[in-house]
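Below: one structure, written as structure tokens.
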Amino acid sequence: MKPLRIAMMSLTHGHSRKYYQTLRENKKLDWVAACAEDDQALNVFRLYEKDVPCYLSAEEMFEKHPEIEAVVIASSNDRHLDQLSDCARRGIHILMMKIPSFDLAEYDQMIAQVRDAGIVCQVELELHYNPVVRRLKELVASGELGRVLSIQATNITLSPVWAFPWQGVPEVSYGSRMPLRDGDARFRGGALCDHPHAFDLIRHLTGAEFELIHAEVGPNLRQDLEVEDMMLANGRMTDGSVFLIDPSWSRMEERLTVPGPGWEVFPKRMEVNVTVVGEKGTIACDCFGPNVYHNGGPNDRYTVQYTYFDEWIGMIDEFVDCIRHQRQPLINLEWHRPTIETMNACYDSIQARQPVRLESAGAVGEGNRD
């Protein structure tokens with residue numbers, strides 16, 4: 001299969017550095033070019049990649065590289081619609097960061113533009129390709145655990161705001177400056193906006209949709225943030241199972257502008273754990289183990305070195321295969337939309353101080369995606 005000629009846009013997303021490695025090393029990709037949001041993003045890019053041409057204008061990048069077939073849109077959430085529209089107009093396939101938009105009207109524009117252009121748009125939710133998650137999906141589907149009664153999931157990390165400041169700006173992260181609730185000085189756009197994985201995985205594992213959700217926000221660990229960093233959500237799925245999700249920035253960090261060893265204060269900078277309770281048994285999964293821990297610089301602190309399987313391999317494999325064989329990926333815009341509705345419902349529940357029923361409960365599930 002001919003390598004996919006791919007580019008990157010903006011380079012301001014927290015996963016950008018991972019793509020520098022993936023696009024360079026994956027033999028199914030031919031990394032053609034990149035365009036940076038600004039001089040700062042360009043300078044950081046040059047620390048990691050010297051050979052790939054990088055521009056300060058998407059227009060210039062596309063003009064000089066008409067061979068580009070696909071892009072990774074690695075930008076802040078508020079840039080996604082404009083950049084998707086540009087790519088759709090050019091017939092270029094898209095690997096989109098994990099929050100396409102919280103504005104559902106914008107989201108529907110994206111869906112329509114992708115359909116009209118006949119392109120592939122895959123939402124980057126790499127945990128679906130983690131071998132632990134794949135095995136868990138097999139066990140649930142096989143009935144070995146019996147009917148699922150409950151799922152508990154954590155997606156807790158340190159905060160990326162110091163290295164990627166836009167993630168602490170409500171207008172950029174959430175899309176508007178919307179207060180969490182009356183009497184609270186904070187706004188939507190914090191930890192929840194960074195952590196759709198647990199919501200997506202519960203839908204993926206059960207094949208059900210969120211029906212009722214009750215969310216609560218805690219006091220911030222980081223007092224200078226104007227967005228939330230601690231949240232908890234529970235409720236019920238359309239299949240009758242119940243869930244508990246923790247999508248918080250509850251790991252503390254050094255405030256480094258370039259993430260690296262010593263960034264974490266607590267040894268493990270992130271945890272994605274899933275526990276499924278069924279009528280016949282229970283299984284608990286650590287999606288980010290095993291790891292190596294050591295005493296090291298720069299702060300002479302107990303530090304983590306990740307050794308988990310690179311789930312980006314499976315994600316890229318599917319992206320390339322879908323483009324070459326003209327089919328839709330597992331996590332496409334239409335399938336992912338109910339996850340965004342549910343996350344908005346979390347914020348609505350916090351604002352109302354009571355549970356919220358999802359209007360889309362019973363909507364098209366994963367098994368019926370295009």
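The values are calculated or read from the model by the stated rules, or taken from the named source; none is laboratory data. Quantities reported herein were computed from a predicted structural model and do not represent experimental measurements. Neighbour counts are summed over all protein chains in view; Cβ atoms, including those assigned to glycine, are modelled from backbone coordinates with ideal geometry.
Within the set THR257, THR282, THR238, the sole residue that is hydroxyl-bearing (Ser, Thr, Tyr) and modelled with pLDDT under 95 turns out to be THR257.
Residues that are at pLDDT 95 or above and of a type in the set (Gly, Ala, Ser) were ranked within the stretch 144-167; the one that is surrounded by the fewest Cβ atoms within 10 Å (Cβ to Cβ) is GLY146.
Residues are listed down the side, and each one gets a yes or a no for (1) under 20 Å from THR12 (Cα atoms); (2) surrounded by 21 or more Cβ atoms within 10 Å (Cβ to Cβ):
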| residue | (1), (2) |
| --- | --- |
| VAL169 | yes, no |
| SER173 | yes, yes |
| SER176 | yes, no |
| PRO179 | no, no |
| ASP182 | no, no |
| ALA185 | no, no |
| ALA191 | yes, yes |
| ASP194 | yes, yes |
| GLY207 | no, no |
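Mind counting the residues in the stretch 28-45 that are surrounded by fewer than 17 Cβ atoms within 10 Å (Cβ to Cβ) and either at pLDDT below 95 or within 19 Å of TRP162 (Cα to Cα) (or both)?
At the first step, the residues of the stretch 28-45 found to be surrounded by fewer than 17 Cβ atoms within 10 Å (Cβ to Cβ) are 28, 30, 38-40, 42-43.
Now restrict to residues that are either at pLDDT below 95 or within 19 Å of TRP162 (Cα to Cα) (or both): 38-40, 42-43.
Of the residues in the stretch 28-45, 5 are surrounded by fewer than 17 Cβ atoms within 10 Å (Cβ to Cβ) and either at pLDDT below 95 or within 19 Å of TRP162 (Cα to Cα) (or both).
Can you tell me which residues in the stretch 137-183 are over 20 Å from VAL265 (Cα atoms), small (Gly, Ala, Ser) and in a loop (DSSP other than H, G, I, E, B)? Passing the criteria: GLY143, GLY146, GLY175, SER176, GLY183. Candidates are the residues of the stretch 120-136 that are part of a loop (DSSP other than H, G, I, E, B) and aliphatic (A, V, I, L, M); the one that is surrounded by the fewest Cβ atoms within 10 Å (Cβ to Cβ) is LEU125. Sub-6 Å Cβ pairs linking a first residue in the stretch 100-126 that is farther than 13 Å from HIS80 by Cβ to a second residue that is of a type in the set (Gly, Ala, Ser) and surrounded by 20 or more Cβ atoms within 10 Å (Cβ to Cβ), at least 6 apart or interchain, are ALA117/ALA88, ordered by first then second residue.
In the condition set (1) of a type in the set (A, V, I, L, M, F, W, C); (2) in contact with a Ser or Thr (Cβ under 6 Å, 6 or more places away or on another chain); (3) under 28 Å from VAL71 (Cβ atoms), ALA284 is compliant with all but (3).
For the stretch 158-174, which residues satisfy the criterion of being among the hydroxyl-bearing types (Ser, Thr, Tyr) and within 15 Å of PHE102 (Cα to Cα)?
Initial filter on the stretch 158-174 (among the hydroxyl-bearing types (Ser, Thr, Tyr)): 159, 173-174.
Correct list: SER173, TYR174.
The number of residues in the stretch 46-71 that are modelled with pLDDT under 95 and closer than 23 Å to PRO160 by Cβ comes to 4.
Looking only at the stretch 135-186, residues that are within 20 Å of the chain's Cα centre (by Cα) and free of Cβ contacts under 8 Å to residues at least 12 places away in the same chain come to 1 in all.
Looking at GLY235, is it surrounded by fewer than 19 Cβ atoms within 10 Å (Cβ to Cβ), among the small types (Gly, Ala, Ser) and in the same structural domain as ARG147 (by TED's automatic domain parsing)? It is false that GLY235 is surrounded by fewer than 19 Cβ atoms within 10 Å (Cβ to Cβ), among the small types (Gly, Ala, Ser) and in the same structural domain as ARG147 (by TED's automatic domain parsing).
Across the stretch 291-316, the qualifying residues are those that are assigned to a helix (DSSP H, G or I) and not β-branched (Val, Ile, Thr), and the one among them that is modelled with the lowest pLDDT is TRP312.
Against the test of being farther than 20 Å from PHE319 by Cβ and in contact (Cβ under 8 Å) with a residue 12 or more places away in the chain, the options ARG17, ARG46, ARG89, ARG24 yield a single qualifying residue, ARG89. Report, by residue number, each residue of the stretch 317-350 that is outside any helix (DSSP H, G or I) and among the small types (Gly, Ala, Ser). None; the set is empty.
Would you mind finding the one in ASP39, ASP51, ASP30 that is free of Cβ contacts under 8 Å to residues at least 40 places away in the same chain and closer than 15 Å to LEU4 by Cβ? That would be ASP30, the only listed residue that is free of Cβ contacts under 8 Å to residues at least 40 places away in the same chain and closer than 15 Å to LEU4 by Cβ.
Taking the stretch 238-258 only, how many residues are part of a loop (DSSP other than H, G, I, E, B) and either of a type in the set (A, V, I, L, M) or surrounded by fewer than 15 Cβ atoms within 10 Å (Cβ to Cβ) (or both)? First the steps, then the outcome.
Taking the stretch 238-258 and keeping what is part of a loop (DSSP other than H, G, I, E, B), we get 238-241, 247-252, 254-258.
In the following step, the residues that additionally are either of a type in the set (A, V, I, L, M) or surrounded by fewer than 15 Cβ atoms within 10 Å (Cβ to Cβ) (or both) were identified as 239-240, 252, 255-258.
Residues meeting the conditions: 7.
Tallying residues that are small (Gly, Ala, Ser) and under 24 Å from the mean Cα position of the chain (by Cα) within the stretch 272-286 yields 1.
Within the stretch 206-227, residues that are in a helix (DSSP H, G or I) have Cβ atoms under 8 Å from residues that are at pLDDT 95 or above in these pairs: THR206/VAL140; THR206/VAL148; THR206/ILE151; THR206/MET237; THR206/ASP239; THR206/SER241, counting only partners at least 6 apart in sequence or on another chain. For the stretch 184-203, the set of residues classified as in contact with a Leu (Cβ under 8 Å, 6 or more places away or on another chain) and not in a loop (DSSP other than H, G, I, E, B) consists of PHE187, HIS197, ASP200, LEU201, listed by residue number.
Residues in the stretch 246-263 that are touching a residue at least 40 places away in the same chain (Cβ under 8 Å) and within 13 Å of ALA163 (Cα to Cα): how many? Spell out how you get there, then give the answer.
So in the stretch 246-263, the residues touching a residue at least 40 places away in the same chain (Cβ under 8 Å) come out as 246-259, 261-263.
Those left that are additionally within 13 Å of ALA163 (Cα to Cα): 253-259, 263.
Of the residues in that region, 8 qualify.
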